[in-house]
Amino acid sequence: MPGPEANGARWPLKELAFVWGGNLLSKVMMFAATIYLANALEVEGFGIFSTAFAVVNYISLALFTGLDTLVTRESASLVPENTWAFSKKLFSCRRRLVNLAVVLTAAFALFMGKGHREMGFALVLFGLSFLPQQVYSVNLFYGLEWPGPIAAYFVGGRIFYLALLFLLVKGPADLYFAAGAFTLAIAAENIFLFLCLFLRYNKKGDPSVSAPAIDLKPVLLLTALTALLLLHENAPQFLVFFLRGDEEAGLYASSFRLIYTAVTFANLGGFVFLARFSKQQKENPEKARESYGKARWAALVLGLAMALAGYFSSDLIYSVLFKASYRDGAMVMRAGVFQMALVPLRVLAWQYALVRGKAGKLLLPLILAVSASVGITSFLVLSKGALGAAAGLVCGELMILAALLWKTK
């Protein structure tokens, strides 16, 4: 597959399908990993695993998504002569954020490990996955529109992860092996992309061609906004674990992971859309608006279809995929399944707001919407447990989507 500099027409249909195909296969394999872990670790173990993962995932996305979004946008204008110089700036920024992520994870491990030793150790193992993320460059590849390594990253990393799970995780006693397998897979993925980047662009660097600067001021705003959105997404998992215990956390996690796997199917290529919106906004804002409108309608139709299918087949899904101890998860899934229609719309609205430079206007609406989301979810978790967590997340999703649509109209 040729590099981006060899192709004047960026993102041809064949290459776009190649990226989406790799992404799709990746999601299928992560779906299989979720089902395998849920059944191997049993409800309580899966509740611990999922809550520890949610903590680390929240820290990771809250700290890095703003930078990754900026990198996708800025790297769209790179040429081979300044790509390696830009990547070194990127890795320097990520190194500082990784240091912060490690400190935050250690603090969570100490806090949560006092009353739950298994949780503390699981968090330490998950936290080690931050170290190889110093050279994370997926979003740089999206901006460069270099599809081969992206697809290989998605597929190869998930194959490696599944192989480790099948080899190491046999039952509830293997919780730590499950966390360690995740960390090893993250390391392999990031080392692979770094080598691809180094081998193609290191020798093409030209000191006379300046690379775009990475301005951390807009990154800080994006980080704050992302942290708010992720608080909304992850709060139900934390609340169920702390207020209702391991078993309820496992039931909620089984539903949440199924739904969000389906959500990614309805929103494949999210950063591809971001890169495309960014280019079109610079060249022809009306074209960007048209693309956004088409993408929004497509996401809505696909999301609704998947939500309805999930709602009416939830009992069948749980009877086929999970052990009998998860049978109540079908009700939880029905309570939260319409996230499949709402989340892709929210992601597209978020991206379109960013490319139009409206990030600063989102802060107050998101603070209000996320506060309401967490408040409603807390009340529902206390009264309904995992079922209330799923329903609260849908209520919050509606409020956040309304705020974003209002700001992007």
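The values are calculated or read from the model by the stated rules, or taken from the named source; none is laboratory data. Because the structure is predicted, anything quoted here is derived from the model rather than measured. Don't worry about glycine lacking a Cβ; one is built from the backbone with ideal geometry, like all the others, and counts go over all protein chains shown.
Could you run through the stretch 190-207 and say how many residues are in contact (Cβ under 8 Å) with a residue 40 or more places away in the chain and either of a type in the set (A, V, I, L, M) or assigned to a loop (DSSP other than H, G, I, E, B) (or both)?
Result for the stretch 190-207: 6.
Name the residue that is surrounded by the most Cβ atoms within 10 Å (Cβ to Cβ), counting only residues in the stretch 63-78 that are of a type in the set (A, V, I, L, M) and at pLDDT 85 or above.
The extreme case among them is VAL71.
Do we have any residue at all in the stretch 29-41 that's farther than 26 Å from GLY156 by Cβ and either among the aromatic types (Phe, Trp, Tyr) or part of a helix (DSSP H, G or I) (or both)? Show your work before the answer.
Going residue by residue through the stretch 29-41, those that are farther than 26 Å from GLY156 by Cβ are none.
No, the stretch 29-41 contains no residue that is farther than 26 Å from GLY156 by Cβ and either among the aromatic types (Phe, Trp, Tyr) or part of a helix (DSSP H, G or I) (or both).
Can you tell me which residues in the stretch 354-370 are under 17 Å from GLU397 (Cα atoms) and without any contact (Cβ under 8 Å) to a residue 60 or more places away in the chain? Don't jump to the end; show me each part of the working.
Residues of the stretch 354-370 that are under 17 Å from GLU397 (Cα atoms), as a first pass: 362-370.
Hits for the stretch 354-370 are LEU364, PRO365, LEU368.
Across the stretch 70-115, what is the total count of residues that are in contact (Cβ under 8 Å) with a residue 12 or more places away in the chain and over 30 Å from VAL355 (Cβ atoms)?
Taking the stretch 70-115 as the starting set, the residues that turn out to be in contact (Cβ under 8 Å) with a residue 12 or more places away in the chain are 70-87, 89-91, 93-95, 97-98, 100-102, 104-106, 108-109, 112.
Retained after the next criterion (residues that are over 30 Å from VAL355 (Cβ atoms)): 102, 105-106, 108-109, 112.
Number satisfying all stated conditions: 6.
Is it fair to say LYS384 is more than 21 Å from the chain's Cα centre (by Cα), charged (D, E, K, R) and within 17 Å of ALA235 (Cα to Cα)?
Numbers: more than 21 Å from the chain's Cα centre (by Cα): yes; charged (D, E, K, R): yes; within 17 Å of ALA235 (Cα to Cα): yes.
The answer is yes for LYS384.
Identify, please: which residue in the stretch 96-128 is among the basic types (Lys, Arg) and either within 11 Å of ILE59 (Cβ to Cβ) or assigned to a helix (DSSP H, G or I) (or both) and is, among those, modelled with the lowest pLDDT?
Initially, the stretch 96-128 is screened for residues among the basic types (Lys, Arg), giving 96, 114, 117.
Narrowing further to those that are either within 11 Å of ILE59 (Cβ to Cβ) or assigned to a helix (DSSP H, G or I) (or both): 96, 117.
Working: ARG96: 92, ARG117: 87.
Here the answer is ARG117.
In the stretch 379-408, which residues are crowded, with 17+ Cβ neighbours inside 10 Å, small (Gly, Ala, Ser) and within 29 Å of GLU247 (Cβ to Cβ)?
GLY385, ALA386, GLY388, ALA389, ALA390, ALA391, GLY392, GLY396 - these are the residues of the stretch 379-408 that are crowded, with 17+ Cβ neighbours inside 10 Å, small (Gly, Ala, Ser) and within 29 Å of GLU247 (Cβ to Cβ).
With VAL98, VAL124, VAL135, VAL71 as the choices, which residue is closer than 20 Å to LEU184 by Cβ and touching a Gly at 6+ places or on another chain (Cβ under 9 Å)? If you could, list the steps in order and put the result at the bottom.
Working: VAL98 fails: touching a Gly at 6+ places or on another chain (Cβ under 9 Å); VAL135 fails: touching a Gly at 6+ places or on another chain (Cβ under 9 Å); VAL71 fails: closer than 20 Å to LEU184 by Cβ.
So the residue among VAL98, VAL124, VAL135, VAL71 that is closer than 20 Å to LEU184 by Cβ and touching a Gly at 6+ places or on another chain (Cβ under 9 Å) is VAL124.
Based on what the data block shows, is THR65 in a helix (DSSP H, G or I), of a type in the set (Ser, Thr, Tyr) and within 22 Å of the chain's Cα centre (by Cα)? Before you say what the answer is, go through the steps one by one.
On the way: in a helix (DSSP H, G or I): yes; of a type in the set (Ser, Thr, Tyr): yes; within 22 Å of the chain's Cα centre (by Cα): yes.
So THR65 fits the description; yes.
Do we have any residue at all in the stretch 342-360 that's within 30 Å of GLU44 (Cα to Cα), in the same structural domain as ALA235 (by TED's automatic domain parsing) and surrounded by 20 or more Cβ atoms within 10 Å (Cβ to Cβ)?
Step one: of the stretch 342-360, the residues within 30 Å of GLU44 (Cα to Cα) are 342-343.
From what's left, in the same structural domain as ALA235 (by TED's automatic domain parsing): 342-343.
Subsequent filtering for residues that are surrounded by 20 or more Cβ atoms within 10 Å (Cβ to Cβ) retains 342-343.
Yes, there is a match, as at least one residue in the stretch 342-360 is within 30 Å of GLU44 (Cα to Cα), in the same structural domain as ALA235 (by TED's automatic domain parsing) and surrounded by 20 or more Cβ atoms within 10 Å (Cβ to Cβ).
Return the total of residues in the stretch 66-95 being of a type in the set (Asp, Glu) and over 20 Å from VAL56 (Cβ atoms). Spell out how you get there, then give the answer.
Here is the first cut: in the stretch 66-95, the residues of a type in the set (Asp, Glu) are 68, 74, 81.
Filter once more, keeping what is over 20 Å from VAL56 (Cβ atoms): 74, 81.
Qualifying residue count, the stretch 66-95: 2.
What pairs come out if I take residues in the stretch 33-44 that are within 9 Å of SER325 (Cβ to Cβ) and pair them with residues that are polar (S, T, N, Q) whose C-beta lies under 7 Å away, six or more apart or interchain?
Between residues of the stretch 33-44 that are within 9 Å of SER325 (Cβ to Cβ) and residues that are polar (S, T, N, Q), the close pairs are GLU42/SER325; VAL43/SER325.
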